[in-house]
2 protein chains.
Amino acid sequence: MINIGLLGLGTVGSGVYEIINQQGLFFKNQWNEDIKIKKVLIKHKEKERFVDIDDNLLTLNPKEILDDEEIDIVIDALSDREVAYNCIKNALENNKHVVTASKAVVAPNLCELQYLAKQKRKAFLFEASVGGGIPIINPLKQMIEVDNIVQIEGILNGTTNYILTKMYEEELPFYVALKDAQHKGYAELDPTDDIKGYDTARKLSILSTVAYGQKVNFDYIDCYGIDKIAVEDIYAFKEMDLTPKLIGKSKIKDGNIYAAVEPVLVSKDSSFFSVKDAFNLILLNGLNTGELHFYGQGAGKNPTANSIILDVINIIKGIYESENINIDDNTQEYKPLGFDGKYYFRFTFKDVKDIDLLLEDIVQYSQCKLIKENKNVIAIFEWLSRKNVDEIINKAQGLGVDYFYSRIDG
Amino acid sequence: MINIGLLGLGTVGSGVYEIINQQGLFFKNQWNEDIKIKKVLIKHKEKERFVDIDDNLLTLNPKEILDDEEIDIVIDALSDREVAYNCIKNALENNKHVVTASKAVVAPNLCELQYLAKQKRKAFLFEASVGGGIPIINPLKQMIEVDNIVQIEGILNGTTNYILTKMYEEELPFYVALKDAQHKGYAELDPTDDIKGYDTARKLSILSTVAYGQKVNFDYIDCYGIDKIAVEDIYAFKEMDLTPKLIGKSKIKDGNIYAAVEPVLVSKDSSFFSVKDAFNLILLNGLNTGELHFYGQGAGKNPTANSIILDVINIIKGIYESENINIDDNTQEYKPLGFDGKYYFRFTFKDVKDIDLLLEDIVQYSQCKLIKENKNVIAIFEWLSRKNVDEIINKAQGLGVDYFYSRIDG
């Protein structure tokens with residue numbers, strides 16, 4: 001008998017509960033093991049549930065799971081990251097395997113929790129934390145045993161991709177598209193983490209840390225979101241036959257790690273061009289393997305729950321130890337560099353006299369195409385170093401000029 | 001010390017040899033195991049080699065590998081499928097793990113060899129047999145432990161995809177594009193297996209057998225190739241804004257398995273549209289997971305060798321037993337059904353009087369758009385059952401009328 005403690009019974013948690021209950025008999029035939037959810041941590045007893053569940057299984061006290069010696073595996077599907085972190089740490093300390101879907105916990109604490117799991121010879125698995133239903137963490141762990149991954153690039157956040165698709169196809173202002181995403185349940189009431197790119201940066205940090213075997217702290221990743229895109233930008237993108245995507249990208253070259261999250265304008269030739277709505281696409285580049293693409297539903301109840309169960313199965317099969325990765329916990333945390341490239345800038349001036357003030361300076365950085373329209377100036381720079389990009393931003397901010405920028409990859 | 005016997009030193013075999021030699025030290029650090037290629041089976045001693053290799057390692061006699069009790073793992077990278085089959089069987093009987101890249105051996109013998117491996121408690125792994133460097137077999141094996149796969153669809157053969165890309169983009173006749181593919185080393189001197197779709201059918205058979213847990217014999221899969229496509233067809237496809245791809249597809253519904261390999265016309269909205277040259281794209285549909293895409297280099301020295309090494313690592317880590325799949329060997333072999341759908345037909349008549357003879361009959365099957373041009377008639381049927389398709393083919397053949405057909409998925 002394998003006893004599971006489930007933390008959280010929201011969308012993902014109830015998906016996990018349903019799959020385990022439906023598949024129980026199948027699991028038993030396959031590995032001759034009964035799998036049972038023994039206890040479920042919830043926040044409020046009275047709340048209406050998505051699933052039909054015996055009240056006796058529910059508890060408000062994490063200790064009833066974490067201190068229960070009969071519970072072998074703890075599945076974390078909590079939304080509160082601090083509670084989740086404490087529970088995960090405590091579960092590992094109490095010699096339980098842990099599976100989590102929480103990128104907000106994994107990203108900053110991957111090395112610490114992985115190290116703790118190794119000491120305890122228990123599993124710390126997090127397939128569901130990146131790419132929802134797409135199997136990406138486990139294949140990546142396998143790949144790095146043979147090949148050198150040199151680049152990762154991806155649309156890693158379904159919410160922003162939905163908003164961008166909506167803005168582009170219907171020429172809507174950002175806040176209208178955001179509202180629609182909230183209405184459809186894609187975006188949360190406080191959408192900051194998604195639209196500012198923090199969620200993407202967390203996932204990029206997890207993928208990069210696994211791939212390069214070095215801490216790539218998400219706090220240090222250059223991160224620029226999509227909330228400043230205006231309808232005027234959408235018109236300009238269409239004019240150029242490009243579409244905007246929020247892309248997290250990292251690469252390792254000559255021992256340096258480069259990483260950034262930023263809007264990128266892609267052309268029809270790009271694999272990202274046709275990734276619509278809440279789907280995710282992740283590109284890995286290996287020296288032997290070449291470029292691999294992984295595409296699927298980046299979130300959602302069943303896809304994410306399915307990824308969690310895959311990790312649980314690996315624990316039951318006893319192959320988890322080989323899935324615990326090696327990260328040198330002693331290496332200095334890496335402060336990654338951003339990307340040079342072709343860049344799009346839109347400046348919106350309150351005062352026309354600021355236009356020359358800003359432009360005469362910055363057009364010296366690179367060959368540059370300027371399109372002026374009333375108080376808007378669009379500047380397309382042929383090649384900017386990341387340092388130049390930051391300087392331009394600083395100057396615009398100094399003059400109180402509103403701006404939006406995006407790398408161009410098309 | 002893990003001793004490996006390598007069968008074959010062609011493109012893939014020499015890739016395997018190189019990676020193991022380069023990575024040897026890394027493997028040792030990671031699992032504290034020395035990995036050594038002890039013997040390599042070749043066909044001719046005098047041939048020029050792609051790799052720098054000690055003559056003492058080479059042998060012309062398979063028994064020097066298969067009977068060597070010190071050899072733990074046999075890697076098959078042979079081109080002769082009969083020799084390969086005998087060696088693999090013999091290796092398993094002699095208690096050796098086997099890793100193979102040969103779809104021509106795996107497709108018809110998967111159940112038998114898998115069963116033998118289980119009896120011997122050894123590994124029989126074949127990640128490299130489908131999709132070259134794309135990790136697809138192992139992720140699929142993991143998925144089916146939790147989810148139900150209901151559909152598989154893929155561009156599984158790089159050679160035909162290269163030829164179709166060439167024909168479409170440069171409006172070339174089939175044989176010119178084929179010659180170019182042979183010149184570039186994509187197509188073999190005898191290209192039958194590729195252009196007739198047999199190679200795709202073998203890979204589809206392997207994926208389907210693993211996914212559905214039932215024998216899906218490739219001999220029974222409806223299989224129509226690309227060698228009858230004419231430049232006139234290419235013109236017609238462009239007129240319709242569609243592009244031809246050779247697609248293997250299978251699905252399971254109400255207990256019935258459907259499977260076919262055939263040219264399919266896809267629109268810009270299809271994920272297959274932008275798969276060019278020798279790349280592969282495989283779509284899996286799981287009930288929980290939804291649609292997943294796997295894309296990458298479907299062949300080539302390094303990608304394929306890398307997949308082989310991934311299997312070897314799984315053996316060394318001792319997790320291979322869980323990778324041996326369950327197929328009920330007692331189930332009747334499944335004769336899969338083909339696909340109904342919208343169909344494109346081009347008939348080329350030697351004698352104009354045959355036109356009416358053929359058409360008056362077959363236009364009754366479905367709503368149908370006819371385009372006549374000299375001795376060519378293009379017919380686009382809104383909906384044909386697979387039985388109708390076969391009847392049309394039989395009638396055309398009976399009249400000695402040249403034809404090409406393709407399903408339309410756009």
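The values are calculated or read from the model by the stated rules, or taken from the named source; none is laboratory data. For clarity, every value in this text was computed on a predicted model and none was experimentally measured. Quick reminder, even Gly has a Cβ in these numbers, built from the backbone with ideal geometry, and neighbours come from all protein chains shown. Surface areas here come from the heavy atoms of the whole protein model, side chains and all, with no ligands, DNA or RNA. Shrake-Rupley method; radii C 1.70, N 1.55, O 1.52, S 1.80 Å.
Being at pLDDT below 90 and either basic (K, R) or farther than 25 Å from B:E145 by Cβ (or both), is that true of even one residue in the stretch A:16-32?
yes
Go through A:I257, A:I309, A:I247 for me and flag whichever is open to solvent by less than 10 Å² (accessible area, probe 1.4 Å), touching a residue at least 60 places away in the same chain (Cβ under 8 Å) and not assigned by TED's automatic domain parsing to the domain that holds A:Y212.
The match here is A:I309.
Report, by residue number, each residue of the stretch B:121-137 that is more than 12 Å from chain A (Cβ to nearest Cβ) and either closer than 24 Å to A:G286 by Cβ or not in a loop (DSSP other than H, G, I, E, B) (or both).
B:A123, B:F124, B:L125, B:F126, B:S129, B:V130
List the strands (runs of 3 or more DSSP E) that sit entirely inside the stretch B:195-310 and contain at least 2 residues that are away from every other protein chain (no Cβ under 12 Å) and farther than 16 Å from B:G338 by Cα.
Filter on the stretch B:195-310 gives B:243-253, B:256-266.
How about the stretch B:75-104: which of its residues are among the aliphatic types (A, V, I, L, M) and either assigned by TED's automatic domain parsing to the domain that holds B:D193 or over 18 Å from B:G5 (Cα atoms) (or both)?
Matches in the stretch B:75-104: B:A104 only.
Specify which of the listed residues (B:S129, B:S79) is under 16 Å from the mean Cα position of the chain (by Cα) and open to solvent by 60 Å² or more (accessible area, probe 1.4 Å).
Matching residue, one of B:S129, B:S79: B:S79.
Filter the stretch B:27-60 down to the residues that are under 23 Å from B:A123 (Cα atoms), within 14 Å of another protein chain (Cβ to nearest Cβ) and not β-branched (V, I, T) and list them by number.
Across the stretch B:27-60, the qualifying residues are B:F27, B:K28, B:Q30, B:W31, B:N32, B:E33.
Exactly one of these conditions fails for A:N90: (1) under 29 Å from the mean Cα position of the chain (by Cα); (2) over 25 Å from A:G133 (Cα atoms); (3) surrounded by 20 or more Cβ atoms within 10 Å (Cβ to Cβ). Give me its number.
(3)
Of the numbered conditions (1) over 30 Å from B:N306 (Cα atoms); (2) assigned by TED's automatic domain parsing to the domain that holds A:L283; (3) surrounded by fewer than 22 Cβ atoms within 10 Å (Cβ to Cβ), A:K141 fails exactly one; give the number of that condition.
(1)
For the stretch A:346-410, which strands (runs of 3 or more DSSP E) that fit wholly inside it have 2 or more residues that are touching a Pro at 6+ places or on another chain (Cβ under 9 Å)?
Details: elements: A:368-373, A:376-384, A:402-409.
Result: A:402-409.
Consider B:L140 carefully, then state whether it is assigned to a helix (DSSP H, G or I) and either within 14 Å of chain A (Cβ to nearest Cβ) or basic (K, R) (or both).
Taking the combined requirement at face value, the residue satisfies it.
Quick test of your reading of the structure: A:N314 fulfils all but one of (1) within 14 Å of chain B (Cβ to nearest Cβ); (2) modelled with pLDDT of 95 or more; (3) crowded, with 20+ Cβ neighbours inside 10 Å. Name the failing condition by number.
(2)
Given A:K63, A:K47, A:K43, which one is open to solvent by 70 Å² or more (accessible area, probe 1.4 Å), more than 26 Å from B:N326 (Cα to Cα) and under 27 Å from the mean Cα position of the chain (by Cα)?
None of the others qualify; the one that does is A:K43.
In the stretch B:170-179, is there at least one residue being over 25 Å from B:I315 (Cβ atoms), hydroxyl-bearing (S, T, Y) and surrounded by fewer than 22 Cβ atoms within 10 Å (Cβ to Cβ)?
Keep residues of the stretch B:170-179 that are over 25 Å from B:I315 (Cβ atoms), which gives B:170-179.
Filter once more, so that each one left must be hydroxyl-bearing (S, T, Y): B:175.
This time we only want the ones that are surrounded by fewer than 22 Cβ atoms within 10 Å (Cβ to Cβ), so: B:175.
Looking through the stretch B:170-179, at least one residue is over 25 Å from B:I315 (Cβ atoms), hydroxyl-bearing (S, T, Y) and surrounded by fewer than 22 Cβ atoms within 10 Å (Cβ to Cβ).
Residues being open to solvent by 20 Å² or more (accessible area, probe 1.4 Å) and over 15 Å from the mean Cα position of the chain (by Cα): count how many of those fall in the stretch B:273-298.
Qualifying residue count for the region: 8.
Tell me which residues, restricted to the stretch B:132-168, are among the acidic types (D, E) and under 12 Å from the mean Cα position of the chain (by Cα).
We begin by selecting, within the stretch B:132-168, every residue among the acidic types (D, E); these are B:145, B:147, B:153.
Of everything in the stretch B:132-168, just one residue is among the acidic types (D, E) and under 12 Å from the mean Cα position of the chain (by Cα), namely B:E153.
Take the residues in the stretch A:143-158 that are touching a residue at least 60 places away in the same chain (Cβ under 8 Å) and in a loop (DSSP other than H, G, I, E, B); name whichever of them is farthest from the other protein chains (Cβ to nearest Cβ). Working first, answer last.
So the first thing to find is which residues in the stretch A:143-158 are touching a residue at least 60 places away in the same chain (Cβ under 8 Å), and the list is A:143-144, A:146-158.
In the following step, the residues that additionally are in a loop (DSSP other than H, G, I, E, B) were identified as A:144, A:146-148, A:156-157.
Working: A:I144: 10, A:V146: 5, A:D147: 6, A:N148: 10, A:L156: 15, A:N157: 17 Å.
The selected residue is A:N157.
Taking B:Y85 and the conditions (1) open to solvent by 40 Å² or more (accessible area, probe 1.4 Å); (2) without any contact (Cβ under 8 Å) to a residue 40 or more places away in the chain; (3) farther than 20 Å from B:F124 by Cα, which numbered condition does it fall short on, given that it satisfies the others?
Going through (1) open to solvent by 40 Å² or more (accessible area, probe 1.4 Å); (2) without any contact (Cβ under 8 Å) to a residue 40 or more places away in the chain; (3) farther than 20 Å from B:F124 by Cα one by one, B:Y85 breaks only (3).
Here are the criteria: (1) within 27 Å of A:T100 (Cα to Cα); (2) within 9 Å of another protein chain (Cβ to nearest Cβ); (3) open to solvent by 10 Å² or more (accessible area, probe 1.4 Å); (4) among the aromatic types (F, W, Y). Tell me which single one A:Y320 does not satisfy.
(2)
Only one residue in B:D199, B:D241, B:D254 is at pLDDT below 95 and of a type outside the set (A, V, I, L, M, F, W, C), so which one is that?
B:D254
I need the full set of residues from the stretch A:175-189 which are assigned to a loop (DSSP other than H, G, I, E, B) and either modelled with pLDDT of 95 or more or small (G, A, S) (or both), in order please.
Within the stretch A:175-189, A:G185, A:A187 meet the criteria.
State the number of residues belonging to the stretch A:391-409 that are within 20 Å of A:D233 (Cα to Cα) and open to solvent by less than 60 Å² (accessible area, probe 1.4 Å).
Matching residues across the stretch A:391-409 total 11.
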